[in-house]
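> Next up is a structure, given as structure tokens.
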Amino acid sequence: MSLIKIEKKIKKFNKILTSSGDKSLSIRWALIASQSKYKSRSYNLLTSEDVLDTLRCLKKLGVKIKLTKKFCEIIGVGLNGFKYKKSLSLYAGNSGTLGRLMMGLMVHCKNTIKLKGDKSLSKRDFLRVSKPLEKFGAKFKTNSGKLPVSIKGTENPTPIIYNETRGSAQCKSAVMLAALNTKGETTIKAKKSRDHSELLFKHLKLPIKIKKKKNYDIIKIKGKKKISSINYKIPADISSSAFFIVLTALTKNSKLRVNNININPSRTGILNILKMMKVKIKITNKRVYKGERIADLVIYSSKKFKSINCPIKFNSAAIDEFLLIFLVAAKADGISYFKNLSELNEKESPRLKWGSKILNKIGIKNIVTNNSIKIYGNPNIQVNKKIVIKNFLKDHRVFMTSVVAALTFGGKWQIHDKDSINTSFPSFLNKMNYLGAKMSY
């Protein structure tokens, strides 16, 4: 059955949870390891469809990969070392991270490669990546700015100066990967966004210089330096953990400890926002691992939530978690306002619209525009009707947010396309069952 049914709220729980490996780091580790000529190993690699599609793409490009239950081993081909047959087609599935970052590695491939994606990914904008990458000398042919994209690289890429204004870590990282194999110095002026790529570059002692300004960073990369092996234990994903954080906050008399979470400041917008809304979160056992900040989180249920006018400075660091934040706002006392969120509609589905739809279904008044939403909270919300969630382009975050809403607000829910979780979090339903959720599927 492709749908799940939830007809009972989750009961109070007090548990310890280990979340899945970070998807962004899993994909970046594999792509950068492919550019080393040495053997690299990762542990706790997320084995979701997005990451498995990454490994499949690299295998087609001549990279040797061994995947076991305990580790993933990659023997890279070195810079400009991809070996592949002519008329090669690569499939990025549902992953914008894979599709866009892979384009950065392919600006040096002399034979044409076609990059494809699933129905959802094929609706997303790829001009934002192809335009800056063309400056290196590669040629891109898109389908009206979308996938499929044909890429013909250049044997002599030239370094570029790139102004990234969207706050997109994917665009920035694609240019960084292209710069790795480009002789000379590439300069990126980038609006603040996730910095996993920069931290990995620093850890590998690649020639990268970063000047941090208030609203942007200046990144300079000198290419053509050999990359050493990367042995990496992937920390847990805060984006995946966020579903359990919000579930706990909304479930009466509950407590949850989530271990080994990546609390990179470019990813912790949800923690900052939830604390403003009076969610009780304790950060313990802080440490640094290969440049990334790691910690354990303890979350407590909250009796009362505060409505907020959300500062836009947190948007980039919480962009994947806003659907969950909207659920907390639904139970807050007063009106919450979130703005400058047009980037949400550039995700796997138009997520801002879906956030509004879910709120409408549970009876929460909201006013949505193309880049903002006002949510009129109801601290006494109780849902007693039948709710059906479907036709959301198999967006994994819409599915998982709907599960959290069903388990905390009540009602009789039918949520379609449960296989959507395979792209990012295959063990999601198992972990919900571990916490005591009652679901039929």
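The values are calculated or read from the model by the stated rules, or taken from the named source; none is laboratory data. Worth saying up front: this structure is predicted, and the values here are computed from it rather than measured. We place every Cβ from the backbone using ideal geometry, glycine too, and count neighbours over all the protein chains shown. We work out accessible area using only protein heavy atoms, side chains counted, and drop any ligands, DNA or RNA first. Shrake-Rupley method; radii C 1.70, N 1.55, O 1.52, S 1.80 Å.
> Hey, can you tell me all the residues within region 265-306 that are in contact with a helix residue (DSSP H, G or I) (Cβ under 7 Å, 6 or more places away or on another chain) and of a type in the set (S, T, N, Q)?
Ser266, Thr268, Asn272, Ser301, Ser302 - these are the residues of region 265-306 that are in contact with a helix residue (DSSP H, G or I) (Cβ under 7 Å, 6 or more places away or on another chain) and of a type in the set (S, T, N, Q).
> Still on this structure, I have one more. Wholly within region 20-124, which strands (runs of 3 or more DSSP E) include no fewer than the required count, namely at least 1 residues that are basic (Lys, Arg)?
Qualifying strands (runs of 3 or more DSSP E): 39-43, 64-67, 113-116.
> Examine region 128-136 for a residue that is within 19 Å of Lys220 (Cβ to Cβ), part of a loop (DSSP other than H, G, I, E, B) and touching a Lys or Arg at 6+ places or on another chain (Cβ under 7 Å), and state whether such a residue exists.
Residues of region 128-136 that are within 19 Å of Lys220 (Cβ to Cβ), as a first pass: 132-133, 135-136.
Keeping just the survivors that are part of a loop (DSSP other than H, G, I, E, B) gives 135-136.
Still in the running and touching a Lys or Arg at 6+ places or on another chain (Cβ under 7 Å): none.
No, region 128-136 has no match at all.
> Oh, and also: Of the residues that make up region 293-306, is at least one outside any helix (DSSP H, G or I), more than 30 Å from Lys202 (Cβ to Cβ) and touching a Leu at 6+ places or on another chain (Cβ under 6 Å)?
Checked region 293-306: at least one residue is outside any helix (DSSP H, G or I), more than 30 Å from Lys202 (Cβ to Cβ) and touching a Leu at 6+ places or on another chain (Cβ under 6 Å).
> Say whether the condition of being surrounded by 23 or more Cβ atoms within 10 Å (Cβ to Cβ) and more than 30 Å from Lys135 (Cα to Cα) is met by at least one residue in region 191-201.
Scanning region 191-201, I find no residue that is surrounded by 23 or more Cβ atoms within 10 Å (Cβ to Cβ) and more than 30 Å from Lys135 (Cα to Cα), so the answer is no.
> Then there is this: Just for region 213-222: of the residues that are farther than 14 Å from Ser173 by Cα and touching a strand residue (DSSP E or B) at 6+ places or on another chain (Cβ under 8 Å), which one is surrounded by the fewest Cβ atoms within 10 Å (Cβ to Cβ)? Write out each step before concluding.
Here is the first cut: in region 213-222, the ones farther than 14 Å from Ser173 by Cα are 213-216, 222.
Then keep just the ones that are touching a strand residue (DSSP E or B) at 6+ places or on another chain (Cβ under 8 Å); that gives 215-216, 222.
Numbers: Asn215: 8, Tyr216: 18, Lys222: 17.
Among them, the one singled out is Asn215.
> Among the residues in region 18-28, are any over 15 Å from Gly99 (Cβ atoms), surrounded by fewer than 23 Cβ atoms within 10 Å (Cβ to Cβ) and touching a strand residue (DSSP E or B) at 6+ places or on another chain (Cβ under 6 Å)?
Yes.
> Starting from residues that are without any contact (Cβ under 8 Å) to a residue 40 or more places away in the chain and open to solvent by 20 Å² or more (accessible area, probe 1.4 Å), keep the ones in region 106-116 and report whichever is farthest from Lys394 (Cα to Cα).
Once the filter is applied, the top-ranked residue is Lys114.
> Considering region 144-165 alone, what residues qualify as being in a strand (DSSP E or B), more than 18 Å from Gly81 (Cα to Cα) and open to solvent by less than 80 Å² (accessible area, probe 1.4 Å)? Write out each step before concluding.
Applying the first criterion (in a strand (DSSP E or B)) to region 144-165 yields 146-152, 161-164.
Still in the running and more than 18 Å from Gly81 (Cα to Cα): 146-150, 161-164.
Result: Lys146, Leu147, Pro148, Val149, Ser150, Tyr162, Glu164.
> Right, another one. Looking only at region 131-188, how many residues end up being among the aliphatic types (A, V, I, L, M) and more than 21 Å from Lys211 (Cα to Cα)? Talk me through it step by step, then tell me what you get.
Initial filter on region 131-188 (among the aliphatic types (A, V, I, L, M)): 133, 138, 147, 149, 151, 160-161, 169, 174-180, 188.
Adding the requirement that they be more than 21 Å from Lys211 (Cα to Cα) leaves 133, 138, 147, 149, 151.
Total meeting the criteria: 5.
> Moving on. Looking at Asn215, Asn253, Asn260, Asn264, which is the one that is under 25 Å from Ile325 (Cβ atoms), touching a residue at least 12 places away in the same chain (Cβ under 8 Å) and touching a Pro at 6+ places or on another chain (Cβ under 7 Å)? If you could, list the steps in order and put the result at the bottom.
Details: Asn215 fails: touching a Pro at 6+ places or on another chain (Cβ under 7 Å); Asn253 fails: touching a Pro at 6+ places or on another chain (Cβ under 7 Å); Asn264 fails: touching a Pro at 6+ places or on another chain (Cβ under 7 Å).
The match here is Asn260.
> For region 62-105, how many residues are open to solvent by less than 40 Å² (accessible area, probe 1.4 Å) and under 24 Å from Asp22 (Cα atoms)?
22
> Same structure again: Need pairs with beta-carbon distance below 6 Å; first residue farther than 21 Å from Ile387 by Cα and in contact (Cβ under 8 Å) with a residue 40 or more places away in the chain and within region 410-435, second open to solvent by 40 Å² or more (accessible area, probe 1.4 Å) and assigned to a helix (DSSP H, G or I); sequence gap 6+ or separate chains.
Asn422/Glu49; Thr423/Glu49
> Provide a single number: the residues in region 235-275 that are of a type in the set (Ser, Thr, Tyr) and assigned to a loop (DSSP other than H, G, I, E, B).
Applying the first criterion (of a type in the set (Ser, Thr, Tyr)) to region 235-275 yields 239-241, 248, 251, 254, 266, 268.
Okay, now just the ones that are also assigned to a loop (DSSP other than H, G, I, E, B), so 251, 254, 266, 268.
Total satisfying the criteria: 4.
> Taking the options Lys202, Lys141, name whichever one is farther than 17 Å from Ile219 by Cα, outside any loop (DSSP other than H, G, I, E, B) and not aliphatic (A, V, I, L, M).
Numbers: Lys202 fails: farther than 17 Å from Ile219 by Cα.
Being farther than 17 Å from Ile219 by Cα, outside any loop (DSSP other than H, G, I, E, B) and not aliphatic (A, V, I, L, M) holds for just one of Lys202, Lys141, which is Lys141.
> Continuing with this model, one more query. Got a sec? Which of Lys394, Lys412 is open to solvent by 60 Å² or more (accessible area, probe 1.4 Å), at pLDDT below 95 and under 28 Å from Lys8 (Cβ atoms)? First the steps, then the outcome.
Numbers: Lys412 fails: at pLDDT below 95.
Lys394 is the lone residue from the list that is open to solvent by 60 Å² or more (accessible area, probe 1.4 Å), at pLDDT below 95 and under 28 Å from Lys8 (Cβ atoms).
> Of everything in region 171-185 that's surrounded by fewer than 24 Cβ atoms within 10 Å (Cβ to Cβ) and either under 27 Å from the mean Cα position of the chain (by Cα) or not acidic (Asp, Glu) (or both), which residue is nearest to Ser120 (Cα to Cα)? Walk me through how you get there before you give the answer.
If we filter region 171-185 for residues that are surrounded by fewer than 24 Cβ atoms within 10 Å (Cβ to Cβ), which is where we start, we get 181, 183-185.
After this cut, where a residue has to be either under 27 Å from the mean Cα position of the chain (by Cα) or not acidic (Asp, Glu) (or both) as well, the list is 181, 183-184.
Numbers: Asn181: 31, Lys183: 36, Gly184: 37 Å.
Per the stated criteria, the residue is Asn181.
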